[in-house]
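> Shown below is the structure under consideration.
Read-outs: derived from the displayed coordinates by stated rules, not from any lab. As the structure is a prediction and not an experimental result, all values here were calculated from the model. Neighbour counts run over all protein chains shown; Cβ positions are idealised from the backbone, glycine included.
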């Protein structure tokens, strides 16, 4: 698989405190990669390192086939658009003039401005001062800025922060359309699972600076399936019995024995065998594990 | 660097910096003309020295606040809209800083030149021109304004509220004005006092005759060098503060 971003053992500390630890990131080209993690997990620090705004203590970064260092940084950034932290704007300049700043500094033709204004549907507000824009308009202006020059890679740090539900919906639709319409790779960071779930193809979960999961989002969804929960008098012994007699894969949890979801025949067989074995069954019920629960348990297990 | 300069000029649009400089210059010019038009020139031993002395005093009143307001605008355009990281993704942070510092210095240089030309015009029109005096005044104004510019820009970059550097400049202006009355070494201790510290003109007021005598002294090159070094150090502080905004 071709990767737009690849990092190897990336680490960064601030005043002795580890912000990112041995992070190996793989962002597939032409896809939307959701970078998920709770606040303070190291997402923004990672994004800053990817843009050369913060220098890693160790590890390497390869973006669009080039190793990021002080010499290659500008050439990589020419092919990259970004939105880091809050939307940036010069309050005294109009939307058009804000985009002109990017065109001047990136050496792009001014004709690009009307193209990106069209994409974010801001043609009517282009002559209004950016300081008078609503937060949603500022976000759209920031996205327009990131899209100038048709970059091959887009890094968006919490792009829906502070938006109302309609704004979030609009932003999500726009982000989702980018790989298909313009062939871009989008790396999208958020602390909200629902945001990533609705936009991303791939997901990387970071917690306490460490990558704790990285794969297709569909693979994560697959683990969010239905289960059976069995409560018995002696869970450990009964779990061992089920493993040996029915070749099941029970897992002992705080609330009982968790088993993969099974059809009625298998459940009846399981109950019959346990009864014959002399097990005392208190309760048996279906349990649905949500994606959110899996995410929270991953984050919790990692100590954040 | 041309691109960064062009962007820097655009960033300051609608910030009315030209008006700021023009208003201060207009006030200084009006004050100078008011001070010399009705004089009995026979009472003064050196008119050029008197005019230069006047100009530097007026500069020590207006220039610090003007410089603070200008530096505050230069820093505020980026701070207000969270622009540091954005622009640092478009060009190298060092080149953006260089454009900002050079743009600021070019304004200071033009303002200093305009003030020196005002002195030359007043001296040439009313009395005798004195090229060496103009050079002294130019150096005094340029070095002091440049040091104050980097000091104020540093404060503006580091402060969340732009009122803090403005109040510092107002307090400094008072210090600078009073430093005309202070003897060595007190007037050399604060940057705002260098309008008087580098003023190579001495004044003696004779209470009996009620005449003021002015005399041009050698330019204090050693103190000018000290101020130039301080300006260079402030430039480095300022640069570091600017680059830190990007990496934080």
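> Calculate the length of the line joining the C-alpha centroid of segment B:41-120 to that of segment A:78-104, in whole Å.
Result: 27 Å between the Cα centres.
> Another question, then. For the protein assembly as shown, list log₁₀ I(q)/I(0) at each q in 0.06, 0.08, 0.12 Å⁻¹, using the Debye formula over Cα point scatterers of equal strength and ignoring solvent, two decimals each.
These q points yield log10 I(q)/I(0) values of -0.47, -0.69, -1.09.
> If you don't mind, another one. What number, in percent, do you get for the relative contact order of chain B if the mean sequence gap of Cα pairs under 8 Å and at least 6 apart is divided by its residue count?
Relative contact order comes out at 27 percent.
> Another question, if that's okay. To make sure I understand, if each residue's beta carbon is the centre and we count other beta carbons within 10 Å, what order do A:203, B:137 fall in, fewest to most?
Ranking A:203, B:137 by Cβ neighbours within 10 Å, fewest first, gives A:203, B:137.
> Arranged by the count of other C-beta atoms within 10 angstrom, fewest first, what order do A:20, A:120 take?
A:120, A:20
> Could I ask something else about it? What's the FRET efficiency of residue B:189 with residue B:240 using the Cβ-Cβ distance as r and R₀ = 25 Å, to the nearest 0.05?
0.55
> What is the Rg over Rh value, at two decimals, for segment A:146-304, using alpha-carbon atoms and the Kirkwood definition of Rh?
Result for segment A:146-304 is an Rg/Rh of 1.15.
> Sticking with this one: At 0.36 nm per residue, minus the direct Cα-Cα distance, what do residue B:233 and residue B:135 gain on full extension? Give it in nm, one decimal, please.
That works out to 32.9 nm of additional length.
> When you look at the Cβ of every residue in A:79-87, what mean number of other chain Cβ atoms sits within 10 Å?
Counting other chains' Cβ atoms within 10 Å and averaging over A:79-87 gives 3.
> How large is the translational diffusion coefficient of segment A:132-234 in µm² per second when you combine the Kirkwood radius over alpha carbon pairs with Stokes-Einstein at 4 °C and 1.567 mPa s?
It comes out at roughly 82 µm²/s.
> Next question. Between residue A:244 and residue A:222, how high is the FRET efficiency from 1/(1 + (r/R0)^6) when r is the Cβ-Cβ distance and R₀ = 30 Å? Nearest 0.05.
0.65
> Going by how many other Cβ atoms sit within 10 Å of their own, how do A:238, A:127 line up, fewest first?
The order, fewest Cβ neighbours first, is A:127, A:238.
> In peptide B:4-11, what is the residue-averaged number of other protein chain Cβ atoms found within 10 Å of each Cβ?
Per-residue shielding by partner chains comes out at 4.
> Explain nothing, just the number: relative contact order of segment A:24-137, from Cα pairs under 8 Å at least 6 residues apart, as a whole percent.
RCO, segment A:24-137: 19 percent.
> Dividing the Cα radius of gyration by the Kirkwood radius, what Rg/Rh value follows for segment A:113-183?
Checking Rg against Rh, the ratio lands at 0.93.
> Size of segment B:1-101 along its principal axes in angstrom, Cα-based, largest extent first?
Extents along the principal axes: 64, 22, 18 Å.
> On the principal axes of its Cα set, how long, how wide and how thick is chain A? Give whole Å, largest value first.
Ordered largest first, chain A gives principal extents of 80, 42, 35 Å.
> How much FRET efficiency would the formula 1/(1 + (r/R0)^6) give for residue A:255 and residue B:163, where r is the Cβ-Cβ distance and R0 is 51 Å, rounded to 0.05?
That pair, residue A:255 with residue B:163, gives E of 0.30.
> I've got another one for you. Give me a single rounded figure for A:66-74: the average over its residues of other chain Cβ atoms within 10 Å of their Cβ.
Neighbouring Cβ atoms belonging to other protein chains average 1 per residue here.
> Quick check: the angle from helix B:131-158's long axis to the longest principal axis of chain B, C-alpha only, nearest 10 degrees?
Approximately 30 degrees, to the nearest ten.
> On a 0 to 90 degree scale, rounded to 10, what angle separates helix B:163-178 from the longest Cα axis of chain B?
Between helix and principal axis, roughly 20 degrees.
> Continuing with this model, one more query. When chain B is modelled as a GNM with alpha-carbon springs shorter than 10 Å, which of B:220, B:185, B:93 fluctuates the most?
B:185
> Summing -39500 (n - 2.57) over the DSSP H runs of n ≥ 4 in chain B and dividing by its residue number, what mean residue ellipticity at 222 nm do you reach, to the nearest 500 deg cm²/dmol?
So the helix-based figure for chain B works out to -25000 deg cm²/dmol.
> Then there's this: Provide the percentage of antiparallel DSSP beta bridges, counting only those with both residues in the protein assembly as shown; round to the nearest 5.
Antiparallel bridges: around 70 percent, rounded to the nearest 5.
> With contacts defined as alpha carbon pairs under 8 Å and 6 or more residues apart, what's the relative contact order of segment A:79-145 in percent?
Worked out over segment A:79-145, it gives 48 percent.
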